[in-house]
Amino acid sequence: MNFSSFADFIAMGNHGLYVWTSYGISLAVLLLNAALPLLARRRYLQEEARRLRREEMK
Amino acid sequence: MNPVRKKRLFIILAILAGVGIAVALALSALQQNINLFYTPSQIAAGEAPQGTRIRAGGLVEQGSVERSSDSLGVSFRVTDGASTVTIRYQGILPDLFREGQGIVALGRVNEQGVLVADEVLAKHDENYMPPEVSQALEKSGMMKHYEGGKQEYQQ
Amino acid sequence: MNWTWFHKLGSPKWFYEISGRWLPWLAWAALLLIAVGTVWGLAFAPQDYQQGNSFRIIYIHVPAAFLAQSIYVMLAVAGLVGLVWKMKLADVALQQAAPIGAWMTFIALLTGAVWGKPTWGAWWVWDARLTSMLILLFLYFGVIALGQAISNRDSAAKACAVLSIVGVVNIPIIKYSVEWWNTLHQPATFKVTEKPAMPVEMWLPLLVMVIGFYCFFAAVLLMRMRLEVLRREARSSWVKSEIRTLVGKDA
């Protein structure tokens, strides 16, 4: 461990704002990139399910 | 590979080569404009335009930093090993500013050949190391060995 | 030379089956490596003797910048394969990789700006490295826009492939910009031929992060490509039966 206390870890030697914004935004972008295809897939399958049900009723 | 595909492949590679050569020619023609800064040697040789704002880059010479006692004013010399340029600046210097550090200053050269800067940026090299290691290196006098990255100023 | 494996690669059905097997491994590897790399880089790696803790931004900046350039090279290769061999899957890969590449370029530029402020003293400088990286972002935007603007699938694929191949000229410019011109950006810390210009306790977490980012890209790309294959091949019988089983599971 490079830091002696949790407060030191958050402060990052007065570069905390820079380090944490970088990591925060980057992590958010990564999560977004992972979530978008998952959501798109779910939406597509729901549409397909509705379409199949309609076809069966005919 | 059948001949049709081979032909398509060659056409594409030829286009790519053409674009590559065109870009290479354009970039070499613009060589001087793409450089972010002039080295002290270039300024001494009169390559830098006079009377306009230019950027000068080099290493801050050891022992050349003089701070004004009553203001934020500071003057120092930058060197590329061959020539030096004196820089005057009013304002807060970046954290990394120190003697021996690479810097880039933006400003105008006045009649005395002094660059009056309104912006000073610190340039660091590609070497990273923990503080303990750098202290140990300083002590054993091996630091110079690790400063190869700064040779680019000494053209 | 035997090209059957190459043509097999072009079969959407074969791709869908094999990628389904790889996807969980890649996803877990990405999650694990990025988690380990982040904690290691943030808390355990030593600080830099000059930059202090702001140096830790390197653990995102460098992997994102590597990936931004690698993905563009991949677009160009996919474009070449699509144009020469008329492989449909190449266009799927190109279209689906471009947005990820744009996001990675965005991360590299953003973390670079946030890192530049405390170290250089400026958010942005128009030096050759930063400018060529910004051009890369616009090239990605161009590929994405072109793919969406042209409604005919084949023409869109051709246009995007040509733009990707021509734009690849920018990649060596990004890489060598720091050597060809005077830039504020420092030269590369990692070179293939030399040992890295940092001690092992600093570069090992970086290596973990780089591999993690590559796994992340592979996993997200496969997810996107699989959905696109289902959409484009919706009329084929294997997709119809696949959708029926998937829908059955979800309902």
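FYI, it's all coordinate maths here, none of it is from the lab. Keep in mind it's a predicted model, so treat the numbers as computed, not measured. Ideal geometry is used to build each Cβ from the backbone, glycine not excepted, and the neighbour counts take in all protein chains shown.
Taken as Cα centroids, segment B:1-65 and segment C:96-173 sit 19 Å apart, rounded to the nearest whole angstrom.
Considering only alpha-carbon pairs that sit under 8 angstrom and 6 or more positions apart, the relative contact order computed for chain B is 18 percent. Could you tell me whether segment A:6-57 comes out rounded, prolate or oblate from its Cα gyration tensor? Rule is a ≥ b ≥ c as square roots of the eigenvalues, rounded for a/c under 1.5, then prolate if a/b exceeds b/c, otherwise oblate. In terms of gyration-tensor shape, prolate. Taking a ≥ b ≥ c as the square roots of the eigenvalues of the Cα gyration tensor, the protein assembly as shown is classed as prolate, since a/c reaches at least 1.5 and a/b is larger than b/c. Pairwise Cα distances in chain B exceed 28 Å in 40 percent of cases.
Seen through its C-alpha gyration tensor, with square-root eigenvalues sorted a ≥ b ≥ c, segment C:1-132 comes out oblate because a/c lies at 1.5 or above while a/b is not bigger than b/c. Loop-resident chymotrypsin sites (Phe, Trp or Tyr not before Pro) (DSSP state other than H, G, I, E or B) in segment C:96-128 with no more than 13 further Cβ atoms inside 10 Å of their Cβ: C:Trp123, C:Trp126.
Shielding by partners for peptide C:149-158, expressed as the average number of C-beta atoms from other protein chains within 10 Å of each residue's C-beta, is 0. What percent does the relative contact order of segment C:22-250 come to when contacts are Cα pairs within less than 8 Å and at least six residues apart? After rounding, I find 33 percent.
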